[in-house]
Amino acid sequence: MRWNTHRALGVFSYTVTIVFMPCLQVNPLSSLGLITAYAGATLPDCVEPKNAHRTYGHSMIYACIFCCFAYVIGRLMWPLEGLAYGYICGVCTHLIADAFTDNGIPMFWPLEKKRINPGKLRLWYYDQGKSAERTISMVVWLMTAVVWLKLFPLVVTRWLNVFFY
């Protein structure tokens, strides 16, 4: 999967998390979580060497360690909780999306290097970089933009409340 699609899915999953998770309020700091969702969505590819793609960065062990670390930091620094959730959404959607590609991911690496590949079941999977992936990316970016256009007045009024009251 290409970076643009990973980023689109990470930002969209964080947007859905903000809308439907009652403990997270839509406020100026939680809207900044879009930045960490955007960055976290490509981090599993960035931490791996170029010649060993989809190894430790695409495992559940990696995801658990770094997501727990982000969560603890976000909880300790309460106003930055949205940033931690954004990072967690980005990393998790990256792994889920890559699991549905034709190559799959090594979910339990280093314990087992066999790749989890639901695509072999032929239920639903896509080839990387083809028209299906581009369509998915465009539709997800569009849905994210629509949701944030609806949330924009709420975020702006809360920003104004922070600065003027």
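Taking the criterion of being closer than 20 Å to V147 by Cα, assigned to a loop (DSSP other than H, G, I, E, B) and at pLDDT below 80, the residues of region 21-54 that qualify are M21, P22, C23, L24, Q25, V26, N27, L32.
Scanning region 124-137 for residues that are within 19 Å of Y14 (Cβ to Cβ), modelled with pLDDT of 70 or more and either in contact with a helix residue (DSSP H, G or I) (Cβ under 6 Å, 6 or more places away or on another chain) or surrounded by 15 or more Cβ atoms within 10 Å (Cβ to Cβ) (or both) turns up at least one hit.
Would you call I18 among the aliphatic types (A, V, I, L, M), modelled with pLDDT of 80 or more and buried (at least 22 other Cβ atoms within 10 Å of the Cβ)? Taking the combined requirement at face value, the residue satisfies it. Counting just the residues of region 76-123 that are over 18 Å from H58 (Cα atoms) and in a loop (DSSP other than H, G, I, E, B), which one comes out modelled with the highest pLDDT? Going through the qualifying residues, I end up with M77. Among the residues of region 36-94, the ones that are free of Cβ contacts under 8 Å to residues at least 24 places away in the same chain and surrounded by fewer than 18 Cβ atoms within 10 Å (Cβ to Cβ) come to 19 in all.
The values are calculated or read from the model by the stated rules, or taken from the named source; none is laboratory data. Predicted model, so just to flag it, every value in this text is computed and none were measured. Methodologically, a virtual Cβ is constructed for each residue, glycine included, from the backbone with ideal geometry; neighbour enumeration extends over all protein chains shown.
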